[in-house]
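Visitor: Quick one: the structure is below, and I'll ask about it shortly.
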Amino acid sequence: MTVPIEHGFVLVALLWAIGLVGLLSRKNTLFMLMSMEIMLNAGALAFILAGSLWQQADGQVIYILILSIAAAEVGLGLALLIRLRQHIGDLDIDKLDEMKG
Amino acid sequence: MNIESGQLLFYVSGSIAVLASLFVVTNKNAVHALLYLVVSLLALAMCFYLLGAPFAAALQIIVYAGAIMVLFVFAVMIFNINQTDIDREQQWLTWQSWVGPSLLAMILLGEIVFVLLSQQNWATNPSSVTQIELVDARAVGSLLFGPYLLAVEIASFLLLAGLVGGYHLAKELPKKTTTQGGSQ
Amino acid sequence: MVALSFLIWLPLIFGVFAWISENKFKSSGNWITLISLSGLLIFSIYLGINGTSSLSWEWFARFNIHFALLFDGLALLLVILTIALAMLAVLVSWNDIEKHRGFFHFNLMFSVAGIIGVFLAADLFLFFLFWEVMLLPMTALILIWGHEGRRYAALKFFIFTQVSSLLMLVAIIALALYHQDQTGELSFNLGQLQQLVIPENMQFWLMLGFFIAFAVKLPMVPFHSWLPDAHTQAPTAGSVLLAGILLKTGAYGLIRIVLPLFPSATMEFAPVAVTLGVISIIYGALMAYSQTDFKRLVAYSSISHMGFVLLALFSWHEVALQGAILTIVAHGISSAALFSMAGLIQHRIHSRELGKMGGMWASAPKMATVTLIFVMAGIGMPGMANFNGELFTLLGSYQQFPVQTIVASLGIVLSAVYGLHLFQRAFQGPPNVDVVDLHMRELVFTSLLVVALIYFGLQPHIVLDLSSETISSLMQIAGEAHP
Amino acid sequence: MSMQELWLLLPVLIISAGILAVMIQASWKRSHFIAQGICLVTLLLALAALIYQYPTDVKTITILFEYEPIGGFFSLLLLLVGISVALLQGPYMGANCKEVAEEFYLLLLLSCLGAMLLVMSRHVGSVILSIELMSLAMLAILAYNRERKLALEGAMKYLLLSGAATSLLLIGFALLYASSGQMMLVDMLQSPMGLMAKSGFVLVLAGLAFKLSLVPLHFWTPDVYQGAPVNSTLLLTSLSKAAVFALFIKLILLVPADFEADMIRMLSWMAIASMLLGNWLALQQQSLKRLMAYSAIAHMGYVLVAGVIAMGIDHSLVLEGVSYYLLAYLVASILIFAVLTLLSRLDDQQDVDELPQLQGLFWQHPWLASIMTIAFLSLAGMPITIGFIGKFYLLTLAIKLSAWWLVTAMLVGSAVGLYYYLRVIFTLFAPAKSDIHQASGAYVTKIWVGLITASLLLLGILPGLLGDQLRSILAIG
């Protein structure tokens, strides 16, 4: 099978952009966390792509490492969410936002 | 495997991933969004497989779509997101709130696509088409526990950090609090 | 010569000592500072008698920076002036300072150390270091013990001088790097840098960097606006130090660095600088006349007098240079004297407004007499120190810039107007307030000041002898620049 | 992996052992004192090990790490920060704090581990892992007091945005990998670069610039700084900045020649924008933490100047300048936050942070106020402090290269910076208000803070002590 590597990276870019839009436009922190997951996933895909381009296992190794990063981030993020939920009652980032930008 | 069909499959699953991600971002209901996220991850797993990375594909399904998503589901259960949350989110999801970020992302996307499709991209590997060959779990494993051994150790510390941090943040506050934090 | 560096360390050490001791025994700080300053005075004169001495220690080898000091006649003159005026500052604020007296003495001694450092430094890096360091205690003096608008005044004072000195830092580094280009070695040593032949264009920009820093300190007219605030808001001791010595560091920098390092650039720049000097003279005098605040009036008169120094220095004429140095010394004494009178009056009537004074001759004749003498000195009465300075300045610069000099001489007339105006408003007319006359301590130091003013007025050659070496070397440089 | 390589990892191994020790201790008997003790002993042992086997040339440890003099110097700085934070946490938590203490030291050690590994990294895998280890452990520290809403909020912001930055970093590295087939930083950047690889490199730098809070990726900084407990802010402003900058400069120095001009242009603008914007926005801040956040943006801009110059000329002075400046910045930050920490309590809803709360501090706590004054003067670059020498290095570099734009931006930035630093100092010396500030601190903490202050002054007054040696410490030609 052949896939032009550019097309693969277009997919990465699309996913990353969708994630960014979600991160910037959603108000609910849970959705922002999901958007961030999509972005990290785009990064993971990029390494798989590059790895398969060079026929090396290194890409997949990095993928596994990214997996552990994502797991740790999600764990921390959700823990924070639980704590925030207790403080505020819901997850609206605007209610969080009492600090001036 | 037929070359044409493999390529076709890649595009199809890629599109599914993109569509599902779009639904994640635009959905009002957290549980629905999560389901779409799982679909997106699964579609990517398919892509991994087609790119000759079956081990990564398996991990994507087991760890990502499985374990990490379960975390999310638990969180959603704890939050018990109700109709008022959904209604409020609905108010926010007017088109105005999308214009700015979407425009921004479109510009970025345009730039990246332009870069990708323009000439003289690859300096060392002029053939920009890849002949996919399988890189199996054995190769990954021997690399991971060979030269990358230290990375595995660090990853374990990373997970430890996630664990300790998550534990500390999520556990109950000590009982003897007199002034309630947050006050709302 | 190791002893030379003691001139810098000792004030610091005694300052700390006074701080600690004041906290234990009230008003012991006054005595410690006073005695240690007189010790320093004797010590510096002792060092000075043996002629020029110098010292150079390796300090920051990576950049070839040395802890280099040079103690020649000019430095001796200014160090003596510094210490003497610091003693005046202590005497005049003997009972003035109510809070944090120990810390006050520490700051006073700290600034003395910094100022002496500026006068002694023979390495530009070191010079810059002291230049900045002397700011800190002076700012603290204004900020903590100043009058009502002290915060604003201290901020303005600090930022004006700091920002301008950043330009000087750039010029210093550029100069050192140019030395490296030419000789392969970085150097911040003044003596070595004087050997450099710097191309015209570059000389101009480097000179400008230094000039702005010194012009702000001097102060020259577009950069003067910090001075009235700082002088007015500072406590009396601070005003004495500011007007008496700190302004002179600007003039000193011009003499020590700008003129010898960039002779041809300064000669080209001279018409501009001289014109600005003349503008300062006239502007300062006019502004002084329109003030109703005693200290503010004296502050503006300082701008006017320092304009003479600028005029003299950029004339590149031997007589004018002598006049500049005479003016530096004379103005140091007379303005410090006037500020201490302002302090004494404010201590008595809690105001600096001329409107609230008036007719004080009746209740305080001694004070009135002394003030009259100081005012006379300030307006350049013959026989007093200032007269010589201004006369020499005008004589010398007339040879080079006749038009500007004629305009500048108007400044003398104006100074008579505002000086007498000051005296009249404060001491003559119907008695407005009753004040206590000078008592013993005050009488002693004011009469010492009177003696000094008259002595230097009649015997200017002491000052001239001490500075002759510097002036002749400057004239030699001038001759080489325009053979 | 040979024994030789393991031996070179000794400082890192010591910290790992310390992490395990704290965990075991916490499961056996909960005690703040013991946990702090273990943490300090660990960091001091690591410091001793680092000094003992200080590298004199580059040694590689598997494909992932390398041990080299500049990295060694940065590791020293990181350990210094770690020790300071560990010492300050004791008084900050106080005797009867509601919050548990052990996890803090665990997370602190983890984030020090991440930072030290990051400095040693020479491979994509180790870079992303260690940078995340450092950030995630730090994230939990930022939200350590779970009762402070602002802290949780700041941490959430940091998590989301730094996740986005990490994804940028990942895609950038993937692009570089795709175009070169190499994962080692050196090989990756020294193989010929196409447009793809170049954009990948820019993405990587953008991801790192986010962590360094360089303009235009600085926007998260003030909120996160203000929200976090003050001791955690110290960690964020010193540890992560120093470690990430070590990587940043490593990457910059590897830029291939044909890409240099573009990079210099891009980074110059970033540096200028950071210096000007950071200082400008700091002007009106009432909160010291926000002020320090903007000042951090500005100072990262200053250090970037050296980075830009490093590409322009191949000169050893650059690395010396960067090291000295970062040292100066870290020391001053440690001291400022140390004073705030000693005045604050983790238990309270808020730290002592607003300017009015510090009014007249000098008359109540002369030592604390003096330390803070000296630290701010150092940040402002006044002589006789280490900050001046740092600035002197950078100015010398910029003038040497005739980078007049950078010089001008540095001067304008310094002038503006002077104003707001001075504003803080003036507040400290203003007449005291009636409320008394509580201050506390064990003797060890006081002695440590005193030592750092002394070194700030000593290295400012006798810059040769370090400056003359730096060349050989960093082992540059």
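Visitor: Can you tell me which of A:ILE48, A:ILE69 is within 7 Å of chain D (Cβ to nearest Cβ) and outside any loop (DSSP other than H, G, I, E, B)?
Guide: Being within 7 Å of chain D (Cβ to nearest Cβ) and outside any loop (DSSP other than H, G, I, E, B) holds for just one of A:ILE48, A:ILE69, which is A:ILE69.
Visitor: Does D:VAL127 meet the test of being more than 10 Å from chain B (Cβ to nearest Cβ), β-branched (Val, Ile, Thr) and over 16 Å from the mean Cα position of the chain (by Cα)?
Guide: When the stated conditions are applied, D:VAL127 passes them.
Visitor: Given the stretch C:54-162, what helices (runs of 4 or more DSSP H) lie entirely inside it while holding 3 or more residues that are not aliphatic (A, V, I, L, M)?
Guide: C:101-120, C:124-133, C:135-145
Visitor: A further question on this structure: Can D:THR396 be described as β-branched (Val, Ile, Thr) and within 22 Å of D:SER238 (Cβ to Cβ)?
Guide: Here the answer is no, as D:THR396 does not meet what is asked.
Visitor: Looking at the structure I just gave you, is D:ILE24 within 14 Å of chain B (Cβ to nearest Cβ) and not in a strand (DSSP E or B)?
Guide: So D:ILE24 fits the description; yes.
Visitor: A further question follows. Can you name the condition, by its number, that D:ALA137 falls short on among (1) part of a helix (DSSP H, G or I); (2) within 19 Å of D:VAL255 (Cα to Cα); (3) within 9 Å of chain B (Cβ to nearest Cβ)?
Guide: So the condition that D:ALA137 fails would be (2).
Visitor: If you don't mind, another one. Answer with yes or no whether D:LEU459 is more than 10 Å from chain C (Cβ to nearest Cβ) and either of a type in the set (A, V, I, L, M) or without any contact (Cβ under 8 Å) to a residue 12 or more places away in the chain (or both).
Guide: yes
Visitor: If you go through the stretch D:75-98 one residue at a time, how many are at pLDDT 95 or above and of a type in the set (Phe, Trp, Tyr)?
Guide: 0
Visitor: Select the helices (runs of 4 or more DSSP H) contained entirely in the stretch C:388-483, then report the ones holding at least 3 residues which are over 27 Å from C:VAL92 (Cα atoms).
Guide: The helices (runs of 4 or more DSSP H) meeting that bar are C:402-427, C:461-481.
Visitor: I would also like to ask the following. Any idea which residue in the stretch D:451-467 is farthest from D:TYR67 (Cα to Cα), counting only those that are touching a strand residue (DSSP E or B) at 6+ places or on another chain (Cβ under 7 Å) and not in a loop (DSSP other than H, G, I, E, B)?
Guide: Top of the filtered list is D:GLY464.
Visitor: Could you please let me know if D:SER111 is buried (at least 24 other Cβ atoms within 10 Å of the Cβ), more than 10 Å from chain B (Cβ to nearest Cβ) and of a type outside the set (Val, Ile, Thr)?
Guide: So D:SER111 does not fit the description; no.
Visitor: Shifting gears a bit: All but one of (1) surrounded by fewer than 18 Cβ atoms within 10 Å (Cβ to Cβ); (2) within 12 Å of chain C (Cβ to nearest Cβ); (3) modelled with pLDDT of 90 or more hold for D:ARG471; state the number of the condition that does not hold.
Guide: (3)
Visitor: From the list D:GLN284, D:GLN349, exactly one residue is assigned to a loop (DSSP other than H, G, I, E, B), in contact with a Gly (Cβ under 8 Å, 6 or more places away or on another chain) and of a type in the set (S, T, N, Q). Which is it?
Guide: Going through D:GLN284, D:GLN349 in turn, just one is assigned to a loop (DSSP other than H, G, I, E, B), in contact with a Gly (Cβ under 8 Å, 6 or more places away or on another chain) and of a type in the set (S, T, N, Q): D:GLN349.
Visitor: Here is a check on your reading of the model: is D:GLY154 crowded, with 24+ Cβ neighbours inside 10 Å, without any contact (Cβ under 8 Å) to a residue 40 or more places away in the chain and more than 11 Å from chain B (Cβ to nearest Cβ)?
Guide: Judged against the criteria, D:GLY154 is not a match.
Visitor: Could you list all residues from the stretch C:301-350 that are within 20 Å of C:GLY238 (Cβ to Cβ) and of a type in the set (S, T, N, Q)?
Guide: Answer for the stretch C:301-350, where residues must be within 20 Å of C:GLY238 (Cβ to Cβ) and of a type in the set (S, T, N, Q): C:SER301, C:SER302, C:SER334, C:SER335, C:SER340, C:GLN346.
Conditions (1) within 27 Å of D:LEU160 (Cβ to Cβ); (2) in contact (Cβ under 8 Å) with a residue 60 or more places away in the chain; (3) touching a helix residue (DSSP H, G or I) at 6+ places or on another chain (Cβ under 8 Å); (4) of a type outside the set (Lys, Arg), marked per residue:
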residue: D:ASN231; (1), (2), (3), (4): yes, yes, yes, yes
residue: D:LEU254; (1), (2), (3), (4): no, yes, yes, yes
residue: D:ALA261; (1), (2), (3), (4): no, no, no, yes
residue: D:GLN286; (1), (2), (3), (4): yes, yes, yes, yes
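The values are calculated or read from the model by the stated rules, or taken from the named source; none is laboratory data. Note that the structure is a prediction, hence the values are computed from the model and not measured. Please note: Cβ atoms are built from the backbone with ideal geometry, for glycine as well, and neighbour counts cover all protein chains shown.
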